[in-house]
1. Which residues among the stretch 59-74 fall inside the zone where the amide N is under 19 Å from a point 7 Å beyond the Cα of ILE43, along Cα→Cβ?
2. Size of the dipole of the stretch 1-134 about the Cα centre, Lys and Arg at +1 and Asp and Glu at -1 on the beta carbon, nothing else charged, in debye to 20?
3. When 1/r is averaged over all different Cα pairs and the result inverted, which Kirkwood radius in Å belongs to the stretch 21-89?
4. Kindly rank 132-139, 151-158, 119-126 from highest to lowest mean number of other beta carbons found within 10 Å of each residue.
5. Can you give me the distance in nm between label points at ARG201 and LEU19, each placed 7 Å from the Cα along the Cα-to-Cβ direction?
6. When the Cα centres of the stretch 85-138 and the stretch 316-348 are compared, how far apart do they sit, in Å?
7. What full-extension length gain, to one decimal in nm, is calculated for ALA27 and ALA287 as 0.36 nm per residue of separation minus the Cα-Cα distance?
8. If you stretched the chain out fully between ALA117 and GLU150, how much longer would it get, using 0.36 nm times the residue separation minus the C-alpha to C-alpha distance?
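The values are calculated or read from the model by the stated rules, or taken from the named source; none is laboratory data. Here the structure is a predicted model, which is why all the values come from computation and not from measurement. When we count neighbours, we look across all protein chains shown, and the Cβ atoms used for this are built from the backbone with ideal geometry, even at glycine. Protein only, heavy atoms only, side chains kept; ligands, DNA and RNA dropped before computing areas. Shrake-Rupley method; radii C 1.70, N 1.55, O 1.52, S 1.80 Å.
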Amino acid sequence: MDADDETDEIDEHTWPEELVAAGAVHAWIASALPGRPEVVGPILIYIAKEWGVTASFALTGAGPAREVVFKACLLPRFAAPAARIYPLLDRLCPGAVPHILATRTLPDGACWLLFDAFEGMPVAEADGMDALARTLARIQVAVAAAPAAEKDGLPRAPVTEAVAWFDATLSDVRGRYAAFWQREGRELAAQFHLPPDIAGRIEAYRPHVAAWARELERCGWPLTIDHVDLHGENAVVRPDGGILIFDWEEANLSCPLFSLDRLLDDARELEGERTTEIGRYTPAERALRDAYLAALPWGTADARSRAFDLALCLAPLKTAYEAGALAETLSWPEGAPHIAAWAFGRALPRWERMAMES
């Protein structure tokens, strides 16, 4: 689940001229590419939100006609990092991420990005989840090994901040979400099996969360790229069989294992089963987990397995915290109760089982 599930007033498939002037985009694309091609479009609008726009344009008049993808990151908190993340990933892992053609930072802090268009079938439809996990691991290993100077300026979310994520999200639960889940969000609470005393249940695990974060930190996992919103629709299987992962603008440097949480959800849904308990994976979840951990070079197999279980206890907190921060940036008065419900629906069973086994 991601922030797109929160509602806004913008038609997500109509060009938002009030946010991004199409004429200015045409002029920039033409000036950024050799031969100043003629720009037609947008020919397809993938998404238009108050925080970003993605659409494809056709190029004619300068060589063979082709298609490019334009992306506007309108929030400065994502725009500045995106202008660095995409060139870095393209340089380190060409073919596994979109090939970036140009970037532009605007005076208001927004960022425009231009990519080569790519073809492929969404991983969720192409039975490519395990290959996606291995590709993610390859990208994370490459970013971890890159010189520190190449990662300067990228946002960081180290495991040491887990208790801060916990406290901020618990404050939101007490201040807004619990009341919402008891009234107009009752169906949401039922869907994710949230207990009536949700705030108290969460608060009881604070010492455990602190201990799990300390243990995971001691494991020495390198700080590398966490996609933040990796799911089966944010990656494609290309015609040559390779995996390409996109939508990296919200990524940050964190524990790599966090990126698997959303993918596990997709694997379970594709399999038609449901479990949120650590150590009780469905066959598809276990295959995804094993493919990913086997592709990582750090630690022993047992150490990777233990760290993965610890990371699954903390990943929902990170998701809920980052959704709340985005909601605050966008001045959503209700915050992000839908994402928090999804997150705690996953976290509480995991915490209960992990606490019992500790």
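1. 59-72
2. Dipole of the stretch 1-134, to the nearest 20 debye: 940 debye.
3. After inverting the mean inverse Cα-Cα distance, the result is 12.9 Å.
4. Ranked from most to least packed, the peptides come out as 132-139, 119-126, 151-158.
5. A separation of 3.5 nm, rounded to one decimal place.
6. Each part reduced to its Cα centre gives a spacing of 25 Å.
7. Numbers: separation 260, 0.36 × 260 = 93.60 nm, distance 4.74 nm.
Taking ALA27 through ALA287 to full extension adds about 88.9 nm, to one decimal.
8. Length gained between ALA117 and GLU150: 9.3 nm.
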